[in-house]
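Following: one structure in C-alpha cells, then a few remarks.
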Amino acid sequence: QVQLVESGGGLVQAGGSLRLSCAASGGTFSRYPMGWFRQAPGKEREIVAVISWTGGRRYYADSVKGRFTISRDNAKNTVYLQMNSLKPEDTGVYYCAAANDYSDSSSSYGYWGQGTQVTVSS
C-alpha cells in the first residue's frame, strides 16, 4: 500500500512559479510510474504530467508543455512538479498518483494523494 502526500501549493501571481512535491511511503516507490493531475472547480480531473519509474519517459498535457517539468528522486521517494509561467487557468487542486503502468489515464492510477491547492491570481 502506497501513501502519497503532496505539498508546495499556495497562492501565486500570474507569471510566477511553484514547485510541488509528493512524498511516497509504504511501497517500492521506484517501481511506480507517477502522475500529476489537477481539478479545477466545476471541472473534471485532468492529467498534467507523467513520469516513468526511471524518469526516462515523460508526458505533458498540451496546456502545460514548456512551462511545467515533472521529475523524481527515487532515493528520496519523491516526485516533483516545477510550474513556471503560471496562468490563472492553472488554478486547481493538484494530485499526485501512482500507477502500475505508464499511462495518461486517471483510471490506471490506484494510489492518490489528498491534493494540494494551487491558486493563480491575475
- Note on the structure: Taking region 1-16 and keeping only residues that are modelled with pLDDT of 95 or more, over 14 Å from the mean Cα position of the chain (by Cα) and open to solvent by less than 60 Å² (accessible area, probe 1.4 Å), one is left with Gly10, Val12, Ala14, Gly15, Gly16
- Query: Gly66: modelled with pLDDT of 95 or more and either closer than 23 Å to Val5 by Cβ or exposed (fewer than 15 other Cβ atoms within 10 Å of the Cβ) (or both), yes or no?
  - Reply: yes
- Message: Against the condition farther than 15 Å from Lys76 by Cβ and in contact with a Gly (Cβ under 6 Å, 6 or more places away or on another chain), how does Gln1 come out, does it pass?
- Response: yes
- Task: Could you grab the pairs with beta carbons closer than 6 Å, sequence gap of 6+ or different chains, first residue in region 61-85 and closer than 21 Å to Trp112 by Cα, second one modelled with pLDDT under 95 and part of a loop (DSSP other than H, G, I, E, B)?
- Result: Arg72/Gly55
- How many of the residues making up region 103-121 are open to solvent by 40 Å² or more (accessible area, probe 1.4 Å), touching a Lys or Arg at 6+ places or on another chain (Cβ under 9 Å) and modelled with pLDDT of 95 or more? 0
- Selection count, region 24-41, where residues are open to solvent by 50 Å² or more (accessible area, probe 1.4 Å) and either closer than 18 Å to Thr116 by Cβ or at pLDDT 95 or above (or both): 3
- Task: Report yes if some residue within region 66-88 is over 15 Å from Ser21 (Cβ atoms) and in contact with an Asp or Glu (Cβ under 8 Å, 6 or more places away or on another chain); otherwise report no.
- Result: no
- Query: Can you name the number of the only condition in (1) touching a Pro at 6+ places or on another chain (Cβ under 9 Å); (2) more than 18 Å from Gln114 (Cβ to Cβ); (3) modelled with pLDDT of 95 or more that Gly92 fails?
  - Reply: (2)
- Query: Which residue, of Ala98, Ala61, is touching a helix residue (DSSP H, G or I) at 6+ places or on another chain (Cβ under 9 Å) and surrounded by 15 or more Cβ atoms within 10 Å (Cβ to Cβ)?
  - Reply: Ala98
- Task: Please work out which one of (1) open to solvent by 40 Å² or more (accessible area, probe 1.4 Å); (2) within 18 Å of Gly8 (Cβ to Cβ); (3) not small (Gly, Ala, Ser) is the condition Pro88 fails and give its number.
- Result: (2)
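The values are calculated or read from the model by the stated rules, or taken from the named source; none is laboratory data. This is a predicted model, so every value here is computed, not measured. Virtual Cβ from ideal backbone geometry, glycine too; neighbours counted across all protein chains shown. These area figures cover heavy atoms from the full protein model, side chains too; ligands, DNA and RNA do not enter into them. Shrake-Rupley method; radii C 1.70, N 1.55, O 1.52, S 1.80 Å.
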